[in-house]
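*Asks:* One structure, as structure tokens, below. Some questions next.
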Amino acid sequence: MDSPQEPKGFRERLHGLWLRWGFAAVGAAFFVLVAFGGSAIVDSRFEARRRVELISFGSLVQTRLTRELDAALFLTGGLKSYLAVRDGVLDRQEVDAILQKLFEEARHVRNFGVAVGYQLQYLYPVKGNERVLGLDYRKVPEQLAAVQKVIDGGVPILLGPLRLVQGGEGLIYRAPISIRGKYWGLISTVIDAKSFFADVIARAQAENVDLAIRGKDGRGMQGEVFQGDAGLFKQRGVELIDMDIPGGKWVIALRGKPLPSAPADIWRLRLLVWALAVFVGWGVYALLVQRARLARLAMFDALTGLPNRTLVEDRVERAIAAQRRNPQTVSALLFADLDDFKRINDKHGHRAGDAVLQGVAEHASRAVRDVDSVGRWGGDEMIVLLENAERDKIPELVDRVRRAMETPIEYAGLKLQVGASIGVAIVPDDGDGVQDLIRRADRRMYEDKEKRRADRPRDGA
């Protein structure tokens, strides 16, 4: 009587076992999926951190190269002024003494040279460079085209790296000299390429970063790769950073190398992530989103979406630095104050005022070029930075910005309009500091405001 029930009890136990293991498997699978999601978030955070570190390192490389280049080329400006003042009448001993002094104070410079016409007549140091003293560029086809480009263009150019006549590899900075409006000669500064790039190469190796630079002769992405592996520019996960140089630009490519780590450490980390994933996965995602929002709020105005005061000052500083590297360029800083804005706030309310600020910001941003910047300085004050502008075109650009700001804004069936008083400061005419330029533009803005008030028709007139 008992034996017929044994199969039934066995089947019930088997069925219960399957149910328990089934629920356990489903639960395990669910937590494994959540764990993998949490692991992916951690991995993405790690990659994001690596990318931020890589970009930060790239900015460091760019800054160091720019600083070293500026240090090497800064002294050339004084020599150029000296030669122009001498009106072509030179004393060899005096010129040699100046070149010697410049060489002693310069870094990475292999030699300084002065060519009269097309012939290199002054050189320091002569030792090690005997082959180029007296060199006539017209007899060196591989350099003549570049020299002629400098002469015809009338602006300095950084060429290379290239093989030097005297041996070795170097960068050549050539600056033309004009006397009484006519070409007289040029200054050549030869920079030792190996010495110049040695520091950033060593830093890249120390930071476990692959580095390559392209843009020979300042041709950017169209130029040859002259430092590092050319294949780096074709790989994924590479950060590209532009660097302005006289007469062109270089492009720096950076990629982080895989970090060595023991497999046991990786699995211990993943096991820890999986154990906590169900609790912290969403929190990590929310934290990343919040951090991104805070980062944007730190640099952009929440109401208009324009760069805020901090970012505006940074961009003005970058424009000043770019102008120092290229003295022929001109930039303009516009300080704008919205006339009658308080009246709109008082009459129609602060929401209407906010709508006007947003509309003015949008119109002004559309009126400027892609290279220009529009930022909110505070309240109803805005700053417009016109970079690398033609001097005679600046009044036209100012007028375009003014008309854009004074375009009526539609709000709740109304057409609200403000005026724009604008003061202009020119870089470098009005100073080479951010605060000096802003104070100058602010003062001129108030002068413009008073003039506009005086020109406005009065009631009963």
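The values are calculated or read from the model by the stated rules, or taken from the named source; none is laboratory data. These figures come from a predicted structure and were not determined experimentally. With ideal geometry, Cβ positions are generated from the backbone for all residues, glycine too; neighbour counts draw on all protein chains shown. Please note that ligands, DNA and RNA were not included when accessible areas were found on the heavy atoms of the full protein model with its side chains. Shrake-Rupley method; radii C 1.70, N 1.55, O 1.52, S 1.80 Å.
*Asks:* Can you pull out every residue in segment 390-425 that is surrounded by fewer than 19 Cβ atoms within 10 Å (Cβ to Cβ), among the hydrophobic types (A, V, I, L, M, F, W, C) and within 27 Å of THR329 (Cα to Cα)?
*Replies:* Once the filter is applied, which keeps residues that are surrounded by fewer than 19 Cβ atoms within 10 Å (Cβ to Cβ), among the hydrophobic types (A, V, I, L, M, F, W, C) and within 27 Å of THR329 (Cα to Cα), segment 390-425 yields only ILE394.
*Asks:* Looking only at segment 396-425, which residues are under 19 Å from ARG452 (Cβ atoms) and either assigned to a loop (DSSP other than H, G, I, E, B) or basic (Lys, Arg) (or both)?
*Replies:* Selection gives ARG400, ARG402, ARG403, GLU406, THR407, PRO408, GLN417, VAL418.
*Asks:* Sort out which residues of segment 94-120 are of a type outside the set (Val, Ile, Thr) and closer than 18 Å to GLY134 by Cβ, and write them in order of number. Walk me through it before giving the result.
*Replies:* Looking only at segment 94-120, we keep the residues that are of a type outside the set (Val, Ile, Thr), and these are 94, 96-97, 99-108, 110-113, 115, 117-120.
Selection gives ASP96, LEU99, ARG110, ASN111, PHE112, GLY113, ALA115, GLY117, TYR118, GLN119, LEU120.
*Asks:* While we're here: Tell me, please, whether a residue that is open to solvent by 30 Å² or more (accessible area, probe 1.4 Å), at pLDDT below 90 and in contact with a Phe, Trp or Tyr (Cβ under 8 Å, 6 or more places away or on another chain) can be found in segment 157-173.
*Replies:* no
*Asks:* Would you mention how many residues in segment 315-350 are among the basic types (Lys, Arg) and either under 22 Å from ARG452 (Cα atoms) or touching a Cys at 6+ places or on another chain (Cβ under 6 Å) (or both)?
*Replies:* The first filter runs over segment 315-350 and keeps only residues among the basic types (Lys, Arg), leaving 315, 318, 324-325, 342-343, 347.
The next check asks that each one be either under 22 Å from ARG452 (Cα atoms) or touching a Cys at 6+ places or on another chain (Cβ under 6 Å) (or both); those that pass are 342-343.
Final tally of qualifying residues: 2.
*Asks:* All but one of (1) modelled with pLDDT under 90; (2) open to solvent by less than 90 Å² (accessible area, probe 1.4 Å); (3) within 19 Å of ARG318 (Cβ to Cβ) hold for ALA454, so report the exception by its number.
*Replies:* All conditions pass for ALA454, except number (3).
*Asks:* Only residues that are of a type in the set (Gly, Ala, Ser) and open to solvent by less than 10 Å² (accessible area, probe 1.4 Å): list them for segment 192-217, please.
*Replies:* Step one: filter segment 192-217 for residues of a type in the set (Gly, Ala, Ser), giving 193, 195, 198, 202, 204, 206, 212, 215.
Within segment 192-217, ALA193, ALA204, ALA212, GLY215 meet the criteria.
*Asks:* For ALA367, which of the numbered conditions (1) surrounded by fewer than 16 Cβ atoms within 10 Å (Cβ to Cβ); (2) free of Cβ contacts under 8 Å to residues at least 40 places away in the same chain fails to hold?
*Replies:* So ALA367 meets the others, but not (1).
*Asks:* Hey, can you tell me all the residues within segment 53-107 that are among the charged types (D, E, K, R), within 30 Å of LEU254 (Cα to Cα) and surrounded by 13 or more Cβ atoms within 10 Å (Cβ to Cβ)? Break it down into steps so the answer makes sense when it comes.
*Replies:* Residues of segment 53-107 among the charged types (D, E, K, R): 53, 64, 67-68, 70, 80, 86-87, 91-92, 94, 96, 101, 104-105, 107.
Then drop every residue that is not within 30 Å of LEU254 (Cα to Cα), which leaves 53, 64, 67-68, 70, 107.
Hits for segment 53-107 are GLU53, ARG64, GLU68.
*Asks:* Hey, can you tell me all the residues within segment 370-389 that are assigned to a strand (DSSP E or B) and either open to solvent by less than 20 Å² (accessible area, probe 1.4 Å) or touching a strand residue (DSSP E or B) at 6+ places or on another chain (Cβ under 7 Å) (or both)? Outline the logic, then answer.
*Replies:* Residues of segment 370-389 assigned to a strand (DSSP E or B): 373-378, 381-386.
Matches in segment 370-389: SER373, VAL374, GLY375, ARG376, TRP377, GLU381, MET382, ILE383, VAL384, LEU385, LEU386.
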